[in-house]
Structure formats: structure tokens, C-alpha cells
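The values are calculated or read from the model by the stated rules, or taken from the named source; none is laboratory data. Quantities reported herein were computed from a predicted structural model and do not represent experimental measurements. Please note: Cβ atoms are built from the backbone with ideal geometry, for glycine as well, and neighbour counts cover all protein chains shown.
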Amino acid sequence: MAKRRSDPVHCWLVWRKADEAARDYLYVATREIRDSIELLATLIRGTNEEDKGTARSKAILIYCALVGAIGVARAVSDQQLSPEILKTVAQLLKNPLRQATSATSER
């Protein structure tokens with residue numbers, strides 16, 4: 001086993017396979033993210049008659065907010081804070097202007 005680890009050809013082949021797998025993952029992840037953003041942009045354009053650029057910008061913001069909220073909610077150990085994070089982001093994304101205004105006025 002140690003001989004295989006120190007064999008430059010074997011190590012290069014293993015590294016190459018790992019590199020290919022990472023590239024495949026990035027390709028698939030990029031495609032999935034791009035498709036999700038495009039779906040959101042299409043839904044936004046359909047409901048608000050937004051122009052393509054504005055709808056895409058909003059779609060990117062929404063997608064990143066959702067992914068970020070899920071990541072933060074999973075990262076905390078507080079069983080009450082986790083759903084609060086998800087609920088708050090969901091509410092603010094549903095109607096950001098009205099929610100942000102009411103949240104500011106309540107302070």
C-alpha cells in the first residue's frame with residue numbers, strides 16, 4: 001500500500017480521477033442552480049410582468065436567501081431559533097417591502 005502511495009504515476013491517476021469527479025460535481029451543481037434561478041425568474045416575470053433582467057436579479061436574490069436560510073437554520077443548535085430563521089426569511093421573501101417596513105416601524 002505504501003508503495004502505491006509513493007508511486008507518482010498511481011498518485012497522478014488518483015488525483016486526476018478526483019479532479020474529474022470535482023469538475024463533474026461543479027458542472028451538475030452549476031446546471032441545477034442555473035435551472036432553479038431560471039425557474040424562479042420565469043415565475044417572477046409571469047406574476048409581476050417584470051423585465052427579464054429585473055426578474056433574474058430578484059430570482060438570484062431569492063435563491064441565495066433561501067439557500068442561506070437553510071444553511072444557517074441547520075447550523076444552529078437552538079431548536080426554536082432554527083424554525084424562526086426559516087419562517088422569517090420566508091415571510092420577508094413573500095412581500096419584502098411591506099415586511100421590511102413593518103419590521104422597521106416596530107423597533
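Summary of values
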{"read-out": "Count of residues meeting criterion [closer than 24 Å to D35 by Cβ and exposed (fewer than 13 other Cβ atoms within 10 Å of the Cβ)] in the stretch 51-93", "value": "9"}
{"read-out": "All positions within the stretch 53-81 that are of a type in the set (D, E, K, R) and within 22 Å of N95 (Cβ to Cβ)", "value": "R56, K58"}
{"read-out": "Sole residue being among the charged types (D, E, K, R), more than 30 Å from T54 (Cα to Cα) and modelled with pLDDT of 85 or more, chosen from R23, R16, R5", "value": "R23"}
{"read-out": "Test for D35: is it out of contact with any helix residue (DSSP H, G or I) (no Cβ under 9 Å at 6 or more places or on another chain), of a type in the set (D, E, K, R), part of a helix (DSSP H, G or I) and at pLDDT below 95", "value": "no"}
{"read-out": "Breaking point among (1) modelled with pLDDT under 95; (2) touching a Lys or Arg at 6+ places or on another chain (Cβ under 8 Å); (3) not in a loop (DSSP other than H, G, I, E, B), for E50", "value": "(3)"}
{"read-out": "Identity of the residue in the stretch 22-50, small (G, A, S) and within 25 Å of L86 (Cα to Cα), that ends up surrounded by the fewest Cβ atoms within 10 Å (Cβ to Cβ)", "value": "A29"}
